[in-house]
Each structure stands twice: as structure tokens, then as C-alpha cells.
Amino acid sequence: MKASELRAKSREKLSGKWGVAVATTFVAGLLGATNSGPNFSLNFDISDKDIEKYFNGQDVNAYFSMESFHELNSSLPWLLPLGAILITVLSIWGIVGMIIGGAIKVGEVTFFKNLMTTGEAKFNDLFSKFDIFGKALVTKILLAVFISLWFLLLFIPGIIMSYAYSMTFYILEEHPEMSPIDAIKASRELMKGHKWELFCLQFSFIGWIILSVFTLGIGSLFLSPYMLASEYAFYDSIAHGTVNSEENYGTIVETVE
């Protein structure tokens, strides 16, 4: 299916379900779900002169000296404890996200599968896959390791293999009996010849991504479920649709088992 057709299908299924879809993807992101898709960032080149201008021409290093640090600490005695608490909370949050993020991601896939197939998606779908918590955790770790190693090799191979592994959680959700490594292998097989199609689908959202930047990220609350619904439609089309027949997909799964 064309990217425009996948997007149209996802908009149709999201109609009347935007609220629960936004809530689900937002909470999934907070809990460590790894969403695939392109990452765009704005880079600002700030020179030394710009910094000096900001500090009204004064010595920049003076602002970061130990003396100024002690002065700040004496005037704001609550700053260090508050910073320590913030760092602790963020660290715990990161660790929890790493541990449960895999299961949450599979649950997120379940949500969008139900949305795109039966239309009966519920927020609780997000927490419905903790019965394969161990597999999901190992899968998340393996994907992080494999993709990192590919990026260490070269940037382009890292990008290509990220797309090759992109259907892993979709396959694990549909085949929870599979081992993490087999789900990863099945994703590689399934994505042969389809990496460029997924890239084009994701890139077709570039206008919405830019618009989200100008809305201070608020637009991303609606963009995220839109992209994920379209991505599930993409998975469904290559796994069960006209692109790959069910018989062929079954062969792919049996090959790696």
C-alpha cells in the first residue's frame, strides 16, 4: 500500500478514538516504550561571542568558578537538595522505563492492532502483555545492543539495520511464543525489500513533524498515534496483506523457529 493509503486508513480508524490514542501513546512514552520513526532535532550554533554577549561582556568563566558556585549555594540552600532529588527521580524513572519498556511497547502494539482491526482499542491494552515481560525485556536489550553495534560500525549500516529490526515488537506481539532472537530474525526477513517503503512512510510525516516543533511539542501528542497507527497498517500490509501473503509470512516465521 502507498503511504497516503496507509495514512488515510489510520485516520479513519482514529476517528472518534483520538483521546484514548493520545493518552495511550503519551503514557507509553513516559514508561519507556521505544517508538520507531525518524528523529528530527534543531541544532543551534552558539559562538563564544554570543555567550559573552549574553553575559553582558563579562568574563564567562567567572560565572562557573567555585566562588560563584559557593555564592549561589549560600543564597539558594535548597538548590543542591532539589537537584539531587531531581537526578534521583530521573534515574529511577529511566531504570523503570528500561525494565518495563519492552512489555509496554508490546502492549502499545496490541492497542494499535485492536484499533486498526476491530476498533475496540482500550487504554488497558498498554498493560496487557506483562505475561511476556521477560521476553519483552530481553528483546529491548538485544535490540539496543545490536543497533548500537551497527552504529559503531558505520552510520549508514546502523540506519539500515534499525529499519530491519523495526518490526520485532510487532512480530513478538503476534507470536508471543517466539524467542526474542527469533523475533528479531523474523523482522529482518520480513523487512527485506520493504525498508525504503517504511522510510518513505515515516518521511511523509515531515510536514507534521515540523509543525509539531513550532507548537512546542504539543502537536506531537497527536502526531505520535497517527504515525504508530500508520506503522501498524504498514506491518499488517507486508505481513498479511497483498505485499506478502499469509502463507509467505508463515514461511518466514517457521524459518527462524
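Every residue, every condition in (1) over 26 Å from S237 (Cα atoms); (2) in contact with a helix residue (DSSP H, G or I) (Cβ under 6 Å, 6 or more places away or on another chain); (3) among the hydroxyl-bearing types (S, T, Y), yes or no:
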| residue | (1), (2), (3) |
| --- | --- |
| G83 | yes, no, no |
| G94 | yes, no, no |
| G97 | yes, no, no |
| G102 | no, yes, no |
| E108 | no, yes, no |
| F123 | no, yes, no |
| S128 | no, yes, yes |
*Write out, first by first residue and then by second, each pair whose Cβ atoms fall under 7 Å of each other, whose residues are 6+ apart or on separate chains, and whose first residue, in region 135-155, is farther than 25 Å from E173 by Cβ while the second is at pLDDT 95 or above and part of a helix (DSSP H, G or I).*
none
*Verdict on L126 being over 15 Å from P180 (Cβ atoms) and either open to solvent by 70 Å² or more (accessible area, probe 1.4 Å) or free of Cβ contacts under 8 Å to residues at least 40 places away in the same chain (or both)*: no
*Enumeration of residues in region 181-212 that are under 17 Å from the mean Cα position of the chain (by Cα) and more than 15 Å from M1 (Cα to Cα)*: I184, S187, F203, F205, I206, W208, I209, S212
*Residue list for region 158-174, filter: open to solvent by 30 Å² or more (accessible area, probe 1.4 Å) and in contact with a helix residue (DSSP H, G or I) (Cβ under 7 Å, 6 or more places away or on another chain)*: I160, S162, Y163
*Among residues belonging to region 114-164 that are of a type in the set (D, E, K, R) and outside any helix (DSSP H, G or I), point out the one that is farthest from S230 (Cα to Cα).*
K129
*What is the one condition in (1) assigned to a helix (DSSP H, G or I); (2) over 21 Å from G101 (Cβ atoms); (3) open to solvent by 80 Å² or more (accessible area, probe 1.4 Å); (4) free of Cβ contacts under 8 Å to residues at least 12 places away in the same chain that E177 does not satisfy?*
(1)
*Give just the number: which of (1) surrounded by fewer than 14 Cβ atoms within 10 Å (Cβ to Cβ); (2) in a helix (DSSP H, G or I) does G193 not satisfy?*
(2)
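The values are calculated or read from the model by the stated rules, or taken from the named source; none is laboratory data. Only a predicted model underlies this, so the values are computations on that prediction, with no experimental measurement involved. Every residue, glycine as well, gets a Cβ built from its backbone with ideal geometry; the counts of neighbours run over all protein chains shown. Accessible surface is based on the protein model in full, side chains and every heavy atom, while ligands, DNA and RNA are left aside. Shrake-Rupley method; radii C 1.70, N 1.55, O 1.52, S 1.80 Å.
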